[in-house]
Amino acid sequence: MKSTLLNMTAVLFGITLVASAGVGFVNMITVEPIAAAKEAATLAALNEVLPAFDATTTEELTIDDMPITVYTATAGGSVSGYAVQSMTKQGFGGVVRLMVGFTPEGEVVNVNVLEQTETPGLGTKMADEGNVLLASVKGRKLESKKLVDGKLAVTKDGGDVDALTAATISSRAYVDAINRAWMAYKSVATGEAPTDTASGATGAAGQTNEPAAQEGGQNE
């Protein structure tokens, strides 16, 4: 067959059509498993941070232009706790996402790190069981902590949340996400209108340098 613009166009169109159909088919057969895996991961995170529950309802909020999800958990028809999927963009590696669990009275049940890309061996310790950040808030009502302008803060910023060694930027990010979770919890549990909340970091946060801290083994 003599090669012409028409038949070359037809062949290219056919290849594109087949490829598109293939991509569509793969997407069709994977979308449900992906959704199921995401749902299972969310349920696992909820179980990590909440008292026993048998159902949840969901409320979506926006704080500081970031999406925050509040899960109200019930057991036997009564509220057993609240879980807040919160986030911050202030991590050394970027976005940090947490699931923070509260009792109906506002005591922190647990914190589960859902996503982080912090420095291995330093900021990544925020996900370790029993780390100092978690120990500073677990089992506590946050209003009983030493607050700075009404918010949690690490000790370097005048608060009483212990920071990870040589990872103050990561620690500030963790606290920032918890502050946002606390704001969302109060909005749903007590009706307090959510407002944008400043980060747990102060202006000094922008003056730190985590790579230098890593190299020298010193806190920022």
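Roughly speaking, what is the stretch gain from ALA10 to THR74, that is 0.36 nm per residue apart minus the C-alpha to C-alpha distance, in nm to one decimal?
17.1 nm
So, in nm, how far is label ASP54 from label MET66 when the simple model puts each one 7 Å beyond its Cα toward the Cβ?
So the label points at ASP54 and MET66 sit 3.5 nm apart.
Averaging the inverse of every distinct alpha carbon separation and then flipping it gives the Kirkwood radius. What is it for region 112-203, in angstrom units? Each step should come with its number before you reach the end.
Details: mean 1/r = 0.0742 Å⁻¹.
One over the average 1/r among Cα pairs gives 13.5 Å for region 112-203.
Considering amide H positions built from the backbone, and no H for Pro or chain starts, which residues 5 or more places from SER80, or on another chain, come under 5 Å of its amide H?
The answer is ALA73, THR74, ALA75.
What are the ³J(HN,Hα) values, in whole Hz, obtained from phi via the Karplus relation 6.51 cos²θ - 1.76 cosθ + 1.60 with θ = phi - 60°, for each residue of region 131-144 in sequence order, with x given for Gly and Pro?
5, 5, 5, 5, 4, 6, 10, 5, x, 10, 7, 5, 5, 7
Find the eigenvalues of the gyration tensor of the Cα atoms of region 26-160, then list the square roots of 5 times those eigenvalues as equivalent ellipsoid semi-axes, largest first, in whole angstrom.
Listed largest to smallest, the semi-axes of region 26-160 are 26, 21, 14 Å.
Using a basic spin-label model with each label point 7 Å from the Cα along Cα→Cβ, how many nm lie between LEU147 and GLU115?
Those two pseudo-labels are separated by 2.9 nm.
Hey, can you rank 92-105, 134-147 by average C-beta count inside 10 Å, highest first?
Result, highest mean Cβ count within 10 Å first: 92-105, 134-147.
Pop the C-beta distance of ASN47 and SER20 into the FRET formula with R0 = 35 Å and round what comes out to the nearest 0.05.
Calculated value: 0.30.
Separation between the GLU105 and ASP128 pseudo-spin-labels, each 7 Å from Cα along Cα→Cβ, expressed in nm?
3.2
Using a probe radius of 1.4 Å on heavy atoms only, what accessible surface per residue do you get for region 120-185? Whole Å² is fine.
With all protein chains present, region 120-185 gives 37 Å² per residue.
Kindly write out, for region 159-164 in residue order, the coupling ³J(HN,Hα) from the Karplus curve 6.51 cos²θ - 1.76 cosθ + 1.60 (θ = phi - 60°), rounded to whole Hz, with x marking Gly and Pro.
x, 10, 8, 5, 8, 5
The values are calculated or read from the model by the stated rules, or taken from the named source; none is laboratory data. The shown structure was predicted, so the numbers you read here are calculated from the model rather than taken from an experiment. Every residue, glycine among them, receives a Cβ derived from its backbone with ideal geometry; neighbour counts consider all protein chains shown. Side chains are part of the model used for accessible areas, which takes the heavy atoms of the whole protein and leaves out ligands, DNA and RNA. Shrake-Rupley method; radii C 1.70, N 1.55, O 1.52, S 1.80 Å.
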